[in-house]
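Notes follow the structure.
The values are calculated or read from the model by the stated rules, or taken from the named source; none is laboratory data. Keep in mind it's a predicted model, so treat the numbers as computed, not measured. Ideal geometry is used to build each Cβ from the backbone, glycine not excepted, and the neighbour counts take in all protein chains shown.
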Amino acid sequence: MKLVYLDNAATTKPRQAVAEAMLPFLGERYGNPSSIYSIARDAKAALDEARGKVAKAINAHPEEIIFAGSGTEADNMAIKGVAYAHSRRGKHIITSAIEHHAVLDSVKRLERRGFQATFLPVDSYGMVDPKDVEAAITDDTVLISIMHANNEVGTIQPIEAIAHIAKNHGVLFHTDAVQTTGHIPIDVRQLGVDLLSLSGHKFKGPKGVGALWVKKGVKVERYIDGGGQEGNRRAGTENVAGIVGLALALELAAGELEQETARLTKLRDYLIKGVTERIPHVRLNGHPTKRLPGNASFCFEFIEGESLLLSLDKVGICGSSGSACTSGSLEPSHVLLAMGLPHEIAHGSLRLSLGHETTPQDIGYVLEMLPGIVSRLRAMSPFGEEVSSSSACSCTQEEHHLVKSHQS
Amino acid sequence: MYTDKVMDHFTNPRNVGEIQDADGVGLVGNPICGDVMKITIKVEGDRIKDAKFKTFGCGAAIAVSSMVTELVLGKTLEEALEISNKAVADALGGLPPKKMHCSNLGADALKKAIEDYIEKQGKDLPESRFDSGQGCEDS
Ligand SMILES: Cc1ncc(COP(=O)(O)O)c(C=O)c1O
Ligand code: FES
């Protein structure tokens, strides 16, 4: 059966060249970069080269890059590291309600350790308003953390505007760029942030390796104690193979960013147009244009996401959902709820995230299969019979307006 | 994560739909994840002649609904009331621990439908059957 992998926001297929570049470091080139003899120096050189590549891709200095064990670790390191390093100056942190749990739960843990936090709301597109950020800043605020783009709905946040505000108030600003690095241009100087997290497996690199960029001069308390690796900022013998893979993947992604963004944006819009035209009672989640090139996120009314995923899997299509039934917590996605979607609508969410391997034929196949799957599940749903009568629809006027404007 | 039996009932659900002139209707919602199941039954004598379901929920919820309607066909009301959540889950070859609460939905909807039928007949409810063993607390 055809396999159409449309879950590239969850993880991507590593490039062949990346896997090949990693292999020697799992074999012959096994030296510990901290040692002194020649195979160690060889590993150290590979590490330095990788650091240089990552720095170049995001317009940073190599010594500002700290490699970490994942995007999650980079987020934890940024938030806890800044909070603890600056806690004598203040104990207030500003973040948004739609962050990845790596950020949300780090901030919540700090709340239990005597910090105060503000979780900013978002509008119906999942967008943070910079004015809300400014209004939330107090004398006690030491850190703002707002993601560059949301992993579920793809909305790209006004990072530069928020950075401007943060700078004016002398507050450090971290952005989780795990979903954007390698997908849209990243220039840390232009973005104006102080810390930025990224993760290898989201741009066709290996899993289990990420990086935190920390602007020169920004103090971050060490989060993992031990040896003096990573400029004494993150202990632990480096994952040389992983770091080499991450750096090459990022270099290659940056090299083809422009064409790939254009190609994916076209495919994404073809998918969104096709779905909203062929299927009634569907809405696009996230901003219609300020969104990740590969992200298409929908809510199908009257049906539930897990049964949709299972049905898609039956025909070889891989997607994801923010339904309560797919979450371990039995709560629908915090992102969709924060955008104001009612529980039962959030329940019917489907995220299809396109990537490097996605072809127009793949999208054509989805557009061929999806309408039948949705109507089959709707026929099974106790709400399904209401589909044809608009009076039974529970959406508000504003939501109808939203669906319309998304479609245009 | 699902057994072949669950996937079979999910892919080819039995008895989907709604009996128009139903003798009993059971509509339940799952307080945990906000799912809804509706079972309609047709009773002849004291036997369940027909049962149909409509479900808004996960793969397990759909498979459970399908299995409940299949298990109940031809059973007396007495026997139908004996069908427990566990029996439904067992008939499906088991459910993942996180999905056990979905099996409550099936037995609950069925009991509600029988209760509705009995009430419409003006008969007394066999009280003991309706105590709240069906709590939807997640395990
Ligand atoms: C926005 C965002 N932040 C952080 C992460 C965590 O990255 P990792 O999987 O490398 O821990 C992810 C991916 O799951 C993500 O999408
Ligand atoms: S119905 Fe929600 S988890 Fe089964």
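Key figures for this structure:
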item: Odd one out for A:Leu308, checked against (1) part of a helix (DSSP H, G or I); (2) closer than 14 Å to A:Asn285 by Cα; (3) of a type in the set (A, V, I, L, M); result: (2)
item: Search result, residues across the stretch A:283-305 that are touching a residue at least 12 places away in the same chain (Cβ under 8 Å) and in a loop (DSSP other than H, G, I, E, B); result: A:Asn285, A:Gly286, A:His287, A:Pro288, A:Lys290, A:Leu292, A:Pro293, A:Gly294, A:Glu301, A:Phe302, A:Ile303, A:Glu304
item: Test: residue in the stretch A:187-210 that is more than 15 Å from ligand 1 (Cβ to nearest atom), assigned to a helix (DSSP H, G or I) and either over 22 Å from the mean Cα position of the chain (by Cα) or not assigned by TED's automatic domain parsing to the domain that holds A:Ala60 (or both); result: no
item: Residue among A:Val315, A:Val282 that is within 14 Å of chain B (Cβ to nearest Cβ), in contact with a helix residue (DSSP H, G or I) (Cβ under 7 Å, 6 or more places away or on another chain) and among the β-branched types (Val, Ile, Thr); result: A:Val315
item: Qualifying residue in the stretch A:326-343 (condition: closer than 22 Å to A:Ile363 by Cβ and away from every other protein chain (no Cβ under 14 Å)); result: no
item: Residues of the stretch A:336-367 classified as among the basic types (Lys, Arg) and without any contact (Cβ under 8 Å) to a residue 40 or more places away in the chain, total; result: 0
item: Of the criteria (1) under 20 Å from A:Ile373 (Cα atoms); (2) more than 14 Å from chain B (Cβ to nearest Cβ); (3) assigned to a helix (DSSP H, G or I), which one A:Ala253 fails; result: (1)
item: Matching strands (runs of 3 or more DSSP E) fully within the stretch A:36-122 where at least 3 residues are within 16 Å of ligand 1 (Cβ to nearest atom) and either in the same structural domain as A:Val218 (by TED's automatic domain parsing) or over 20 Å from the mean Cα position of the chain (by Cα) (or both); result: A:65-68
item: Unique match (being within 17 Å of A:Lys219 (Cβ to Cβ) and touching a Gly at 6+ places or on another chain (Cβ under 7 Å)) among A:Val82, A:Val142, A:Val153; result: A:Val142
item: Selection count where residues are within 7 Å of chain A (Cβ to nearest Cβ) and among the basic types (Lys, Arg), scope the stretch B:27-52; result: 1
item: Count - residues of the stretch B:16-35 that are more than 8 Å from ligand 2 (Cβ to nearest atom), outside any strand (DSSP E or B), closer than 21 Å to A:Leu310 by Cα and in contact (Cβ under 8 Å) with a residue 40 or more places away in the chain; result: 0
item: Per-region count, the stretch A:357-386, residues over 13 Å from A:Phe302 (Cβ atoms) and touching a Lys or Arg at 6+ places or on another chain (Cβ under 6 Å); result: 1
item: Qualifying residue in the stretch A:223-238 (condition: in a helix (DSSP H, G or I), under 21 Å from the mean Cα position of the chain (by Cα) and surrounded by 15 or more Cβ atoms within 10 Å (Cβ to Cβ)); result: no
item: All positions within the stretch B:36-94 that are touching an Asp or Glu at 6+ places or on another chain (Cβ under 7 Å), free of Cβ contacts under 8 Å to residues at least 60 places away in the same chain and surrounded by 19 or more Cβ atoms within 10 Å (Cβ to Cβ); result: B:Lys52, B:Lys54, B:Phe56, B:Gly57, B:Cys58, B:Gly59, B:Ala61, B:Leu77
item: Hey, B:Gly24 away from chain A (no Cβ under 12 Å), over 14 Å from B:Thr69 (Cα atoms) and small (Gly, Ala, Ser) or not; result: no
item: Residue check for A:Phe173: among the aromatic types (Phe, Trp, Tyr) and away from ligand 1 (no atom under 15 Å from the Cβ); result: yes
item: Filter pass, A:Pro280 being in a loop (DSSP other than H, G, I, E, B) and in contact with a Ser or Thr (Cβ under 8 Å, 6 or more places away or on another chain); result: no
item: Sole exception among (1) under 19 Å from A:Ile162 (Cβ atoms); (2) surrounded by fewer than 19 Cβ atoms within 10 Å (Cβ to Cβ) for A:Gly52, by number; result: (1)
